[in-house]
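Please read the structure below before turning to the comments.
What follows is calculated from the coordinates using simple rules that are stated; it is not laboratory data. Predicted model only: the values in this text are computed from it and were never measured.
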């Protein structure tokens, strides 16, 4: 990831709307969000402004109305959030995180096979 952008849960919702459809106008973002939450346009504008300041979203000003586009991918943000979570809760131990997770979850055979495949590939 280019930079470690930290975003709030509300900003994450805006990013999800943008990742589904970009570049998007302000109205398109509001419309996409209204399916999930009922924020006022002013609230959405504030969230977009914060995301622009944080470097997560760009403003395309050569179009009218302005369009917005994500500067980070969903995958980059998921990786960053996962790393932050593991560092914060499990003191950076992926092993502790995975073992704790697996003790609490019931995985089906396909999920177990997929995890084994990932672990095998990681050992190469």
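Just a few scattered comments:
- Helix 94-104 vs. the chain, principal-axis angle (Cα, 0 to 90°, nearest 10): 80
- Sequence-separation-based contact order of the chain, relative, with Cα cut under 8 Å and 6+ spacing, percent: 24
- Three-way shape label, segment 34-78, alpha-carbon gyration tensor, a/c 1.5: oblate
- Global form of segment 74-123, assessed from the alpha-carbon gyration tensor, a/c cut-off 1.5: prolate
- Centre-to-centre, using Cα atoms only, segment 85-121 and segment 1-46 are separated by 30 Å.
- Relative contact order for segment 9-70: 42 percent, from Cα pairs under 8 Å spaced at least 6 residues apart, divided by residue count.
- Reported label for calculated Kirkwood radius over Cα pairs in Å given (1) 15.2; (2) 16.8; (3) 18.2: (2)
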